[in-house]
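**Student:** The structure is given below, and queries will be raised subsequently.
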Amino acid sequence: MIGSTLADKIARRIRAEGPLSVAAYMAMALHDPELGYYATRQPIGASGDFVTAPEISQVFGELIGLWCALVWEQIGRPDPVVLAELGPGSGALAADLLRGAAALPEFRRAIRLHFVEVSSILRAEQQRRLAMADPVWLTRVEDLPDGPLLLVANEFLDALPLRQLVRGCRHWAERLVAVDPDGRFTFADGIENPALSLLVPQTLRDAAPPGAVFEICPPALALAAMLGVRLKHRPGAALLIDYGRFPSAIGSSLGAVVRHQPVDALISPGTADLSADVDFAAFAQAARAAGAAVWGPVPQGRFLEELGAVQRLAALSARASPAQRQQLESGVERLLDPRKMGTLFKVLALTTLGLPSPPGFNRSDWMQ
Ligand code: SAH
């Protein structure tokens, strides 16, 4: 009998075409139009598979709204301004951001909200939450309207399909996903190829031992280059928040979670969230080469503290019941604490060249 799960569909493709790159496997697991992870479920929140910063505390989105308002002033208060969020999830960040932005009514009025989102399930949730803000939905960043831009993305880059290269005896090879004789998915190495070696930064290329893995994320690098070009020609800024590496490093970080527990990334594709560390150094380099100024990455805890997380918490707590106060405090602590999300998550900003340091960053965070 021909199975009807996504695992069966991927296995059939591998038997017909040969092993898939990790990126092709990840793209099918996450985005197969009928059976892919994002096409079939609402993954975020306590009842889903993972929890993100905007779900933990409203302070996160409110401070990002403040950040956007301050950068809008730095770029000369353009009206209208495109405010884009990539992968808005439940819409919590955007809702809190707009509330934060309302502190500056001219800014709030100038905002033209755009969401880049592939999941129709999450689009419906965003629609419910943000109908009053009249967002425009797109599937591709390239389709954002021209003009001044403020863009934010939290835990978006880590969900983009990435390639894994593996060090062979002489050169590097593509790491592939194959099917073993028992029908299980397994990693396999492609053919060593000197051209693939060139994709690994020189400092890591020769020092890595055989079997070492290096990850590259072509869609993230394409996004960085596109934003770099855009910010070179139009005023604006982008704020990217994620967990990841700086500098680039060796090691597989591809991981899968179901209901907040790590699982094997090759078991039951389509039912687990797949993600990987963001290579902030590679992203920053691509954006800078394309013409943007790059700031950071800085630890999320430091960034939020500089924007006034502690003061915002105090203001909210003053009006809260004891139970609410406890929840507010533990949420903000989780975002700031270096042992929790405070240093694991990093914040990178791209701006048009020549602007002052964006809020939360110092002159010394500028990547020359
Ligand atoms: N930013 C949200 C959600 C993070 S989950 C939060 O912090 O809670 C990743 C989000 O990116 C989801 O909304 C998912 O549907 C979306 N997404 C993943 N890959 C995408 C792609 N290639 N293009 C557009 N959206 C994508």
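The values are calculated or read from the model by the stated rules, or taken from the named source; none is laboratory data. Given the structure is predicted, the values throughout are model-derived calculations rather than measurements. Backbone-built Cβ (ideal geometry, glycine too); neighbour counts: all protein chains shown. Calculation scope for accessible area: heavy atoms of the full protein, side chains included, ligands and nucleic acids excluded. Shrake-Rupley method; radii C 1.70, N 1.55, O 1.52, S 1.80 Å.
**Student:** Would you call residue 13 open to solvent by 10 Å² or more (accessible area, probe 1.4 Å), in a helix (DSSP H, G or I) and modelled with pLDDT of 95 or more?
**Tutor:** Yes: the conditions hold for residue 13.
**Student:** Just one of the numbered conditions (1) within 16 Å of the ligand (Cβ to nearest atom); (2) open to solvent by 50 Å² or more (accessible area, probe 1.4 Å); (3) free of Cβ contacts under 8 Å to residues at least 60 places away in the same chain; (4) of a type outside the set (A, V, I, L, M, F, W, C) is not true of residue 106; which one?
**Tutor:** Of the numbered conditions (1) within 16 Å of the ligand (Cβ to nearest atom); (2) open to solvent by 50 Å² or more (accessible area, probe 1.4 Å); (3) free of Cβ contacts under 8 Å to residues at least 60 places away in the same chain; (4) of a type outside the set (A, V, I, L, M, F, W, C), the odd one out for residue 106 is (1).
**Student:** Is at least one residue of segment 233-249 without any contact (Cβ under 8 Å) to a residue 40 or more places away in the chain, on the phi < 0 side of the Ramachandran plot, more than 16 Å from the ligand (Cβ to nearest atom) and in contact with a helix residue (DSSP H, G or I) (Cβ under 9 Å, 6 or more places away or on another chain)?
**Tutor:** yes
**Student:** Test residue 92 against the criterion of being out of contact with any strand residue (DSSP E or B) (no Cβ under 8 Å at 6 or more places or on another chain) and surrounded by fewer than 21 Cβ atoms within 10 Å (Cβ to Cβ), and give yes or no. Even if it seems obvious, please write down each step before you answer.
**Tutor:** Working: out of contact with any strand residue (DSSP E or B) (no Cβ under 8 Å at 6 or more places or on another chain): yes; surrounded by fewer than 21 Cβ atoms within 10 Å (Cβ to Cβ): no.
Here the answer is no, as residue 92 does not meet what is asked.
**Student:** Just a yes or no: is a residue in segment 201-211 open to solvent by 10 Å² or more (accessible area, probe 1.4 Å), among the basic types (Lys, Arg) and either without any contact (Cβ under 8 Å) to a residue 60 or more places away in the chain or in contact with a Pro (Cβ under 6 Å, 6 or more places away or on another chain) (or both)?
**Tutor:** Checking segment 201-211: at least one residue is open to solvent by 10 Å² or more (accessible area, probe 1.4 Å), among the basic types (Lys, Arg) and either without any contact (Cβ under 8 Å) to a residue 60 or more places away in the chain or in contact with a Pro (Cβ under 6 Å, 6 or more places away or on another chain) (or both).
**Student:** Of these, 140, 128, which one is touching a Gly at 6+ places or on another chain (Cβ under 9 Å), within 16 Å of the ligand (Cβ to nearest atom) and modelled with pLDDT of 95 or more?
**Tutor:** On the way: 140 fails: touching a Gly at 6+ places or on another chain (Cβ under 9 Å).
So the residue among 140, 128 that is touching a Gly at 6+ places or on another chain (Cβ under 9 Å), within 16 Å of the ligand (Cβ to nearest atom) and modelled with pLDDT of 95 or more is 128.
**Student:** Do you know which residues across segment 67-80 are closer than 30 Å to residue 121 by Cβ and open to solvent by 30 Å² or more (accessible area, probe 1.4 Å)?
**Tutor:** Once the filter is applied, which keeps residues that are closer than 30 Å to residue 121 by Cβ and open to solvent by 30 Å² or more (accessible area, probe 1.4 Å), segment 67-80 yields only 80.
**Student:** Would you check which residues across segment 53-66 are touching a residue at least 60 places away in the same chain (Cβ under 8 Å), open to solvent by 10 Å² or more (accessible area, probe 1.4 Å) and within 9 Å of the ligand (Cβ to nearest atom) and list them?
**Tutor:** 54
**Student:** Also: Could we say that residue 35 is surrounded by fewer than 24 Cβ atoms within 10 Å (Cβ to Cβ) and either aromatic (Phe, Trp, Tyr) or touching a residue at least 60 places away in the same chain (Cβ under 8 Å) (or both) here?
**Tutor:** Yes, satisfied.
**Student:** Could you count how many residues in segment 68-79 are within 26 Å of the chain's Cα centre (by Cα), in contact (Cβ under 8 Å) with a residue 40 or more places away in the chain and over 10 Å from residue 150 (Cβ atoms)?
**Tutor:** The number of residues fulfilling the criteria is 2.
**Student:** List pairs: first in segment 3-15 and more than 11 Å from residue 179 (Cβ to Cβ), second buried (at least 19 other Cβ atoms within 10 Å of the Cβ), Cβ under 6 Å, 6+ apart or cross-chain?
**Tutor:** 6/35; 6/269; 6/270
**Student:** Within segment 145-161, take every residue that is more than 16 Å from the ligand (Cβ to nearest atom) and of a type outside the set (Gly, Ala, Ser) and give me the one that is surrounded by the fewest Cβ atoms within 10 Å (Cβ to Cβ).
**Tutor:** Keep residues of segment 145-161 that are more than 16 Å from the ligand (Cβ to nearest atom), which gives 145-149.
Within this subset, residues satisfying the condition of being of a type outside the set (Gly, Ala, Ser) are 145-146, 148-149.
Working: 145: 12, 146: 9, 148: 21, 149: 23.
Only one residue tops the list, namely 146.
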